[in-house]
Structure formats: C-alpha cells, structure tokens
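Scroll down for the structure; my scribbles are underneath it.
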Amino acid sequence: MHANSLLLMCICLARPPEVRPATQDRESEIRLIVRGDDMGSSHAANVAGIQAYREGVVRTVEVMVPGPWFNEAARLLAEQPQLDVGVHLTLTSEWDDFKWGPVTRAPSLVSGQGHFLPQTSQRQDFPPGTGFIEAHPDLKEVERELRTQIEIARKAIPRISHLTSHMGTATATPALRELTERLSREYRLPLELEAARPAGGLGGPDASPQEKEAVLVRTIENLGPGLWLLVDHPGLDTPEMQALGHTGYRNVAGDRAGVTRAFCSPRVKQAVASRGIRLISYAQAFQERLAARSTSTQSSPSGLR
C-alpha cells in the first residue's frame with residue numbers, strides 16, 4: 001500500500017466520534033435569558049444593572065430614554081460593550097414623587113405638570129385621570145415620541161438590538177401594538193421575544209432577599225430544555241431608591257436590592273453551572289433564530305419552507 005494511503009487510513013481510524021448536529025443539541029439544551037429592566041430611571045438602577053451583568057447572570061438590560069439618568073446609563077453601557085441592550089419604550093412615569101416626561105412635544109401624553117401619566121390603564125386605587133389609555137393619546141404623538149426614543153438610544157448606544165415596552169404601555173391596545181410593530185420593522189429591531197417561555201418571578205415584592213435567592217435557585221433547577229426568559233428589576237437599597245414608590249408598591253428599594261442579590265448569588269450561578277444552562281442575550285437568541293431559519297430554508301426542497 002502506498003505510504004500516503006496508509007497515513008490517510010490511520011487518520012480516518014483515529015478520528016473522534018462525530019459531534020451531534022446542532023439541531024439535536026438544541027433540542028436538549030436549556031437556554032436562559034435573564035433580563036434587567038429600567039436602566040436610565042435612576043442612578044441605583046444603572047449601577048445595579050451593570051453589577052447584575054458583571055457579577056451575576058444578567059445578559060440583557062433595558063434602557064429608558066426619557067429616564068433622568070439615561071445619559072449615565074449610556075456612558076456605563078459604553079464601558080460594557082458585550083452587554084446586550086434594548087430600548088425600553090416608555091410612555092408612563094409610575095412613581096409618586098419622582099417623574100419624567102416625553103422627549104418630544106406631546107401634549108396628549110402628559111399630565112398637567114408635563115409628566116407621563118403613572119399607569120397604563122386607570123386603576124381604582126389611583127386618583128382619576130392617571131391612566132394612559134383612558135386619556136386617549138394622539139397616536140401621531142405616540143409615534144413621534146417612540147421614534148425619537150429609538151433614535152436617541154441608537155445614537156447613544158449603537159449596539160441596541162431590540163425593543164421592549166415599559167409597563168406594557170406601548171403595546172397595550174391593538175392600535176398601539178400595530179404602531180410599535182411597524183416601528184420594529186422599520187428600524188429592524190425585534191419587538192420582545194415571543195419564542196421564549198417565561199421562567200417565572202422571584203417571589204414578588206414582599207419576598208426577602210433570601211427568599212428571592214431560594215426561588216431563583218428552585219426555578220433554575222426545574223427548567224427543562226428550551227429557551228426561557230426571566231425579567232426583573234435590579235436595584236440598590238439606597239436613599240435614592242428608598243424614596244421611590246406608589247400605591248400598592250412601597251418597598252421598592254428592598255425588593256429591587258433583593259433582585260440584585262439573587263442575580264449575583266453564588267448559589268444561583270452554581271445552579272446554572274451544575275445544570276449546564278447556557279445564559280444568552282436577546283441578541284444571541286435573535287441571531288440563533290435567524291441562523292436556524294436560514295438552515296431550514298437551505299435544506300428544504302428548492303429552498304422553500
């Protein structure tokens with residue numbers, strides 16, 4: 001036998017077992033997106049959002065352009081170029097004593113003081129005239145406001161990858177959803193992530209930090225294969241955040257500091273590692289979905305799906 005042929009045979013015999021196709025791996029893989037909301041709303045939210053990424057399990061954060069701390073958020077995010085960022089489209093200002101308003105001139109979107117209204121829809125335990133939907137906002141003003149928020153965010157944070165809706169307001173009615181979906185298509189920024197299943201919460205605002213940690217560990221231990229999404233609000237127990245609150249939600253600082261602690265918990269990170277869970281971002285999930293569609297199209301007869 002020719003020496004080259006013998007060498008080729010030896011190489012083939014020594015080849016390691018075939019790796020399973022990616023599609024088979026994906027069927028058994030547990031993927032988890034942990035998202036931290038409301039960067040830009042306060043200094044504490046900014047610091048906690050970055051901490052939950054650098055020291056914890058957060059892989060995507062949402063930034064509120066009208067928030068008074070947006071500029072700091074953009075600066076901090078520039079220092080963490082691998083952290084995925086979405087625009088948290090904002091049309092409400094929920095806290096009693098701490099307010100923000102639109103970045104455009106939008107008379108139909110504001111209170112008499114020029115701030116966004118506190119709630120998406122009127123709550124019985126809130127004063128009259130505090131619901132966004134009941135105020136019958138001008139959709140042209142809504143579109144101009146959301147469009148400007150997106151453009152400001154993209155200029156300040158060029159890697160923006162998607163859109164979400166603060167308090168669900170930007171998608172709260174069929175007309176609002178149609179408008180927001182149209183902006184999503186125009187700017188090529190996916191809206192939300194419908195393919196992900198909700199992983200649950202951290203026990204609610206009255207749960208202690210220890211209880212939040214325990215709930216998150218149990219959640220991680222019980223996740224099955226697939227793509228999961230867990231959303232909460234990292235914060236800090238500081239005087240700034242202690243001053244935030246509204247009817248029905250006063251323990252803001254304690255609650256959100258507990259979220260940060262759970263997201264950064266060594267027990268939580270160990271549970272993720274021991275189960276082989278892959279922490280991913282919105283951007284990664286969207287990229288994988290596009291890659292899967294491309295592969296499916298190429299493998300279909302005549303390239304048809």
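The values are calculated or read from the model by the stated rules, or taken from the named source; none is laboratory data. Just so we're clear, the structure is a prediction, and the values are computed from it rather than from any experiment. Quick reminder, even Gly has a Cβ in these numbers, built from the backbone with ideal geometry, and neighbours come from all protein chains shown. Protein only, heavy atoms only, side chains kept; ligands, DNA and RNA dropped before computing areas. Shrake-Rupley method; radii C 1.70, N 1.55, O 1.52, S 1.80 Å.
Shape analysis of the range 139-193 places it in the prolate category; the axes a ≥ b ≥ c from the Cα gyration tensor give an a/c of at least 1.5, with a/b above b/c.
In this rough spin-label picture, where each label sits 7 Å from Cα along the Cβ direction, the THR247-ARG293 distance is 4.4 nm.
Remark: the range 55-160 carries a charge dipole of roughly 420 debye about the Cα centre, counting +1 on each Lys and Arg Cβ and -1 on each Asp and Glu Cβ.
For the chain, with the dipole built from +1 on Lys and Arg beta-carbon atoms and -1 on Asp and Glu ones, taken about the Cα centre, which of LEU89, VAL58, THR169 lies farthest toward the positive end? Final value for the positive-end residue is VAL58. Look at the dipole of the range 167-305 built from charges on Cβ: of HIS233, GLY254, ALA271, the Cα furthest out on the positive end belongs to ALA271. Give me the percent of accessible area attributable to carbon and sulfur for the range 159-305, probe 1.4 angstrom. After summing per-atom areas, the C and S share lands at 53 percent. Answer with a single label: of (1) 21.2; (2) 19.9; (3) 19.2, which was calculated as Kirkwood radius over Cα pairs in Å from the structure in view? Given (1) 21.2; (2) 19.9; (3) 19.2, the calculated one carries the label (1). Under a 5 Å amide H cut-off, with hydrogens placed 1.01 Å from N, LEU32 pairs with TRP228, ARG278, LEU279, ILE280 among residues at least 5 apart or on other chains.
Sequence-ordered 3J(HN,Hα) estimates for the range 182-190 from the Karplus curve with 6.51, -1.76 and 1.60 and θ = phi - 60° stand at 5, 5, 4, 5, 4, 8, 6, 10, x Hz, glycine and proline given as x. Count Lys and Arg as plus one, Asp and Glu as minus one, and take only other residues whose Cβ is under 15 Å from that of PRO158; the net charge is then +2. For the range 189-305, the per residue solvent-accessible surface stands at 50 Å², with DNA, RNA and ligands left out and a 1.4 Å probe.
Please name which of LEU139, GLN124, ILE160 has its Cα lying farthest along the dipole of the range 122-170 towards the positive end, using unit charges on Cβ (Lys, Arg +1; Asp, Glu -1) and the Cα centre as origin. It is ILE160, whose Cα lies furthest towards the positive end. Each Lys or Arg adds one and each Asp or Glu takes one away; over the other residues whose Cβ falls under 14 Å from the Cβ of ARG275, this sums to +3. With contacts taken as Cα pairs under 8 Å and at least 6 residues apart, the chain reaches a relative contact order of 23 percent. Relative protection proxy for 157-165, 176-184, 201-209, 121-129, from highest mean packing down: 157-165, 176-184, 201-209, 121-129 (other beta-carbon atoms within 10 angstrom). Taking Cα centre as origin and charging only the Cβ of basic (Lys, Arg, +1) and acidic (Asp, Glu, -1) residues, the dipole magnitude of the chain rounds to 1080 debye. Based on Cα contacts under 8 Å between residues 6+ apart, the range 183-289 shows a relative contact order of 29 percent. Remark: the range 133-231 carries a charge dipole of roughly 460 debye about the Cα centre, counting +1 on each Lys and Arg Cβ and -1 on each Asp and Glu Cβ.
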